[in-house]
Amino acid sequence: MATVLVVEDEADLRDILSYNLTQAGHRVELAPSGAEGLRLAKSAPIDVVLLDLMLPDMPGTDVCRALRADAKTKGVGIIMLTAKGEEIDRVVGFEVGVDDYVTKPFSVRELLLRIQAILRRGSKEDEKGLLQLGTIGVDTSAHRVTVVGDEIALTALEFKLLVTLIERKDRVQTRSTLLSDVWGIDADITSRTVDTHVKRLREKLGTGGAYIETIRGVGYRASETAISV
């Protein structure tokens, strides 16, 4: 059982999500606004946040940024719910730290599968232990990443992307492979999203970003030999 926080201002949709999540065995917290969502997220352990993009008091992207900036909530899984389907909205969502993206109207069954995919990422990471790539150290059980000993804050999806690349170091990973294996399901997103995530991951890793190589026209590869980025 996981604890799912639903941050959604539409009362009918909140009720539908609450019912279906409860039926699926999850504990549910409900918030009609961004401010209330942030309060609930920081007051009790939350596993996944279902976050509406258009909230009455602040954009969902601002809520996402606040969750990622707080030590207590930086690792929580975040699924953005929105009526907007344009790619630019999706890219912006992923750039601020969203793990997955669902466009309204959506299938409740699909949403439950996406929640399970995020929960599986976390449980698998807990089993793996310690990984090393050059100056990058990863403690998967503690969800910690360091570069030359300095801790780096990553979102859950960025963390999964890094772990996947390190576990497959010296092997080229195509964008389609990364979309399938990192997102966990056949997500309705484009390869541009992979590029956006890798760019952001490199920026956060600083000098450690030099261990992730772009293979032009194919994808990415983690290597023990630092390259120029």
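The values are calculated or read from the model by the stated rules, or taken from the named source; none is laboratory data. Predicted, not measured: the structure shown is a model, and the values here were computed from it. Virtual Cβ from ideal backbone geometry, glycine too; neighbours counted across all protein chains shown.
Selection over the stretch 214-227 of residues that are crowded, with 18+ Cβ neighbours inside 10 Å and either of a type in the set (Asp, Glu) or farther than 20 Å from Thr177 by Cβ (or both) gives a count of 0.
Filtering the stretch 89-101 for residues that are within 19 Å of Trp183 (Cβ to Cβ) and touching a Phe, Trp or Tyr at 6+ places or on another chain (Cβ under 6 Å) leaves a non-empty set. So which strands (runs of 3 or more DSSP E) are wholly in the stretch 129-229 and hold at least 1 residues that are touching a residue at least 24 places away in the same chain (Cβ under 8 Å) and of a type in the set (Val, Ile, Thr)? In the stretch 129-229, 136-139, 144-147, 150-152, 212-215 are the strands (runs of 3 or more DSSP E) which contain 1 or more residues that are touching a residue at least 24 places away in the same chain (Cβ under 8 Å) and of a type in the set (Val, Ile, Thr). Among the residues of the stretch 1-23 satisfying the criterion of being part of a helix (DSSP H, G or I) and among the small types (Gly, Ala, Ser), which is surrounded by the most Cβ atoms within 10 Å (Cβ to Cβ)? That would be Ser18. For Val96, the stated conditions do not hold, so it cannot be described as aliphatic (A, V, I, L, M) and at pLDDT 90 or above.
Only one entry in Leu201, Leu205, Leu179 is modelled with pLDDT of 90 or more and within 22 Å of Ile79 (Cβ to Cβ), namely Leu201.
Of the candidates Thr22, Thr73, Thr103, Thr3, the single residue that is closer than 27 Å to Glu203 by Cβ and polar (S, T, N, Q) is Thr73.
Within the stretch 10-32, the residues that satisfy the criterion of being closer than 17 Å to Ile78 by Cα and in contact with a helix residue (DSSP H, G or I) (Cβ under 9 Å, 6 or more places away or on another chain) are Leu17, Leu21, His26, Arg27, Val28, Glu29, Leu30, Ala31, Pro32.
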